[in-house]
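The structure appears right after this line, and notes come after that.
Laboratory data are not the source of any read-out in this text; all were calculated from the coordinates shown. Not measured: the values here are computed from a predicted model. Neighbour counts run over all protein chains shown; Cβ positions are idealised from the backbone, glycine included.
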Amino acid sequence: MNKSQIDLSVTIAGVRFRNPVIAASGTFGYGREYAGIIDVSALGGICTKGLTLNPRTGNAGLRLHETPAGLMNSIGLENPGIAAFLEKELPNLRALGPMVIANLSGSTVEEYAEGAVLLNTSSVDMIELNISCPNVKAGGMTFGLDPEAASSVVRPVRKAAPNKPLMVKLSPNAPDLAAVARACVDAGADALSLVNTFKALALDINARKPVFDNISAGLSGPAIKPIALRMVWELYDTVKVPIVGMGGISNTKDALEFLMAGAMAIEVGSATFAHPPAMIEIINGIAGYMESRKFSRLEEISIRGNRAW
Ligand SMILES: Cc1cc2nc3c(=O)[nH]c(=O)nc-3n(C[C@H](O)[C@H](O)[C@H](O)COP(=O)(O)O)c2cc1C
């Protein structure tokens, strides 16, 4: 087995990624921000920052706070709005080469659906429906905590964007994640991605108040990896759709663990902030692992049995 015989590609809901490494939403801008820093064209895919129908300025106050093994954020879905994204960012993002996934968010079901209509006729390859953002007061994660609330948004978005594969991004904060996952699939999700950030708290002991204006914020990074991995493992037994795993993936070993646990692809978020070439190193590292094991196809990494998605 040599490197030229190794096939890193993966097809999820009809979308063919050249490799399973995708930049996670909110951590890679719209691609151009990293274009001079790493070889962006080598990535399998890029997820956009969470997009909403109308522009959002995001949250006031501090937005990022480091913890010993992670990162807390309270960005609040700052974005230019879908129409501006389609006009100003998408042509350039498309030209970079990787598959383009639009991360769609909203405050109401109607707003989600109207956003989906705009994306449906665009050139994005896939929609990642974000029902898991913990940093907005209305919408976001509130839809992802409960099975009925989840289907109330997945169903209309599915209808509004019949041309686009639909991946739903789940919240690890859901009391019954399996029930939410099943509800999303029943409502038309073609794939699931998980996890978004964990709701967390940091206090400033000198100011004697919460660090974030919103009090809580979303925790990501190495601290959450074992929990996210367990969730991917369990969902593999729960639903029969492709799973894209993420949460604290920082290096090849982390990525391989998610692929072994049943994820068909992975997303990398916080690690890119600390070490921008992380995703490139992970792509090369996965190929190196496959070569050493004499694997020619990506799905051979899984220890969960093969499924013909
Ligand atoms: C600064 C920041 C902004 C984020 N913005 C979004 C977002 O707009 N939409 C979304 O679905 N997830 C967002 N996320 C969550 C990430 O995409 C990812 O699910 C999470 O950080 C876990 O992966 P990681 O540990 O590799 O960072 C954001 C995360 C961070 C750190």
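First check a/c for segment 172-309, with a ≥ b ≥ c the square roots of the eigenvalues of its C-alpha gyration tensor; if it is under 1.5, answer rounded, and if not, answer prolate when a/b is larger than b/c or oblate otherwise. Cα axes put segment 172-309 in the oblate bin.
Listed values for segment 150-160 are Karplus-derived 3J(HN,Hα) couplings in whole Hz (6.51 cos²θ - 1.76 cosθ + 1.60, θ = phi - 60°), namely 5, 5, 5, 9, 5, 4, x, 5, 4, 5, 6, and x replaces Gly and Pro.
The 3J(HN,Hα) values that the Karplus relation (6.51, -1.76, 1.60; θ = phi - 60°) gives for segment 291-297 are, in residue order, 4, 5, 9, 6, 8, 9, 10 Hz. Gly and Pro appear as x. The protection proxy used here, the mean number of other Cβ atoms lying within 10 Å of each residue, ranks peptides 145-156, 19-30 as follows, highest first: 19-30, 145-156. Give the distance, in whole Å, between the Cα centre of segment 145-197 and the Cα centre of segment 1-21. Distance between centres, Cα-based: 25 Å.
Sequentially through segment 270-285, phi angles give Karplus couplings (6.51, -1.76, 1.60; θ = phi - 60°) of 3, 4, 5, 5, 6, 8, x, x, 3, 5, 5, 5, 5, 4, 5, x Hz, Gly and Pro residues having no value and appearing as x.
Cut-off is 10 Å between beta-carbons; in what order do 159, 3 appear when sorted fewest neighbours first?
Numbers: 159 14, 3 11.
Fewest to most other Cβ atoms nearby, the residues stand as 3, 159.
When the Cα positions of 54, 73, 23 are compared along the charge dipole of segment 1-146, 23 comes out farthest toward the positive end, with charges on each C-beta of Lys, Arg, Asp and Glu.
Amide H contacts of residue 12 (H built 1.01 Å from N, in plane; Pro and chain starts excluded): 17 sit under 5 Å, all sequence-distant by 5 or more or on other chains. In this structure, the amide hydrogen of residue 66, modeled 1.01 Å from its nitrogen in the peptide plane, lies closer than 5 angstrom to those of 72, counting only residues at least 5 positions away or on a different chain.
A Stokes-Einstein calculation at 20 °C with viscosity 1.002 mPa s, built on the Kirkwood radius of the chain over Cα pairs, returns a diffusion coefficient of 112 µm²/s.
Only helical DSSP H runs with n ≥ 4 go in: add -39500 (n - 2.57) per run for the chain, normalise by residue count and round the 222 nm mean residue ellipticity to 500 deg cm²/dmol. Spell out each step's value before the answer.
Working: 8 runs with 87 residues, N = 309.
The helix contribution divided over the chain gives -8500 deg cm²/dmol.
Taken about its Cα centre, the chain carries a charge dipole of roughly 220 debye when the Cβ of each Lys and Arg holds +1 and the Cβ of each Asp and Glu holds -1. Residue ranges 92-99, 170-177, 265-272, 64-71 sort as 265-272, 170-177, 92-99, 64-71 when ordered by packing (mean number of other C-beta atoms within 10 Å per residue, highest first). What is segment 1-134 by shape, rounded, prolate or oblate, if you read a ≥ b ≥ c off the alpha carbon gyration tensor as root eigenvalues and call it rounded for a/c under 1.5, prolate for a/b larger than b/c, and oblate otherwise? Judged from the Cα gyration tensor, segment 1-134 comes out oblate (a/c at least 1.5, b/c at or above a/b).
By its C-alpha gyration tensor, with a ≥ b ≥ c as the square roots of the eigenvalues, how is segment 102-147 shaped: rounded for a/c under 1.5, else prolate for a/b larger than b/c, else oblate? The shape class here is prolate.
Remark on residue 104: its backbone amide H falls under 5 Å from those of 51, 128, 129, 130, a criterion applied only to residues 5 or more positions apart or on other chains, H modelled at 1.01 Å from N. Over segment 159-309, Cα pairs under 8 Å with separation of 6+ residues give a relative contact order of 18 percent. Relative contact order for the chain: 20 percent, from Cα pairs under 8 Å spaced at least 6 residues apart, divided by residue count. Charge tally around residue 95: other residues with Cβ under 15 Å, Lys/Arg +1 each, Asp/Glu -1 each, net -2. With the charge dipole of segment 168-255 set up from +1 on Lys and Arg Cβ and -1 on Asp and Glu Cβ about the Cα centre, the Cα lying farthest toward the positive end among the listed residues 217, 175, 203 is that of 203. With both residues required to sit in segment 42-191, DSSP beta bridges show an antiparallel share near 30%.
Add +1 for every Lys or Arg and -1 for every Asp or Glu among the other residues with Cβ under 12 Å from the Cβ of residue 8, and state the total. With Lys, Arg at +1 and Asp, Glu at -1, the net is 0. In percent, rounded to a whole number, the relative contact order of segment 31-96 is 36, using alpha-carbon pairs under 8 Å and six or more apart.
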